[in-house]
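Data first, discussion second: the structure below is written as structure tokens.
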Amino acid sequence: MARTEQPILSAARIAGLVALALALGSCSSTPSGPPRSQDDICAIFDERPDWRDATMASAARWGAPIEVQMAIIWRESSYRADARTPKQYALGFIPWGRVSSAYGYSQAIDGTWDWYRKDTGRSGADRD
């Protein structure tokens, strides 16, 4: 009796694995950097429509005007998702941690960010 060999991975299975990898990769990807035109909110929102939606939702929930939100983000992080405070150095050259735990667009410190997540029920919220 002849036995037919089955391919280890069928085309459908490979396509499914590629789709899964792309989906997972898009979840963990970091933003592509700050917007090109940082002095024009309309240009920023044209480039990043999800930012417009997020600031509108935030304005509705918290009452903070969109222009104020964007001004704070610009001042705190220059629209950089991974913004951090400067490093401290012992003896001028030995890395000794950072000035504070501030991180992300808002430059919120760990304690403030923990309070925000607890208060809003968004335990998975991310500063960047």
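The values are calculated or read from the model by the stated rules, or taken from the named source; none is laboratory data. Note that the coordinates shown come from a computational prediction; the quantities given were computed from them, not determined experimentally. Every residue, glycine as well, gets a Cβ built from its backbone with ideal geometry; the counts of neighbours run over all protein chains shown. Areas reflect the complete protein model, heavy atoms only, side chains present, ligands, DNA and RNA absent. Shrake-Rupley method; radii C 1.70, N 1.55, O 1.52, S 1.80 Å.
For region 64-128, just say rounded, prolate or oblate: build the C-alpha gyration tensor, square-root its eigenvalues into a ≥ b ≥ c, call rounded for a/c under 1.5, and beyond that prolate if a/b exceeds b/c, oblate if not. Don't skip to the answer; put the middle values down first.
Working: a/c = 3.12, a/b = 1.56, b/c = 1.99.
Here region 64-128 falls in the oblate category.
At 1.4 Å probe size, with the rest of the protein present, what percent of the exposed accessible area of region 34-83 is carbon and sulfur atoms? It would help to have the intermediate numbers written out before the result.
Values: 1770 of 3250 Å².
Carbon-and-sulfur percentage of accessible area, whole number: 55.
Which of Met56, Gly104, Ile41 sits closest to the plus end of the dipole of region 35-110, meaning its Cα is farthest towards the positive end, when Lys and Arg get +1 and Asp and Glu get -1 on the C-beta?
About the Cα centre, the residue reaching furthest to the positive side is Gly104.
Could you tell me how far the Cα centroid of region 38-65 sits from the Cα centroid of region 73-128, in Å?
21
Search the structure for amide H atoms under 5 Å from the amide H of Arg98, placed 1.01 Å from N in the peptide plane, and list their residues when 5 or more places away or on another chain.
Gln88
I'd like the Karplus ³J(HN,Hα) series for region 36-43: coefficients 6.51, -1.76, 1.60, θ = phi - 60°, whole numbers in Hz, and an x wherever there's a Gly or Pro.
With the stated coefficients, region 36-43 comes to 5, 10, 8, 9, 9, 4, 4, 5 Hz.
Rounded to whole Hz and in sequence order, give me ³J(HN,Hα) for region 77-87 from the Karplus expression 6.51 cos²θ - 1.76 cosθ + 1.60, θ = phi - 60°, writing x for Gly and Pro.
Values per residue, Gly and Pro as x: 9, 6, 6, 9, 5, 9, 4, 9, 6, x, 6 Hz.
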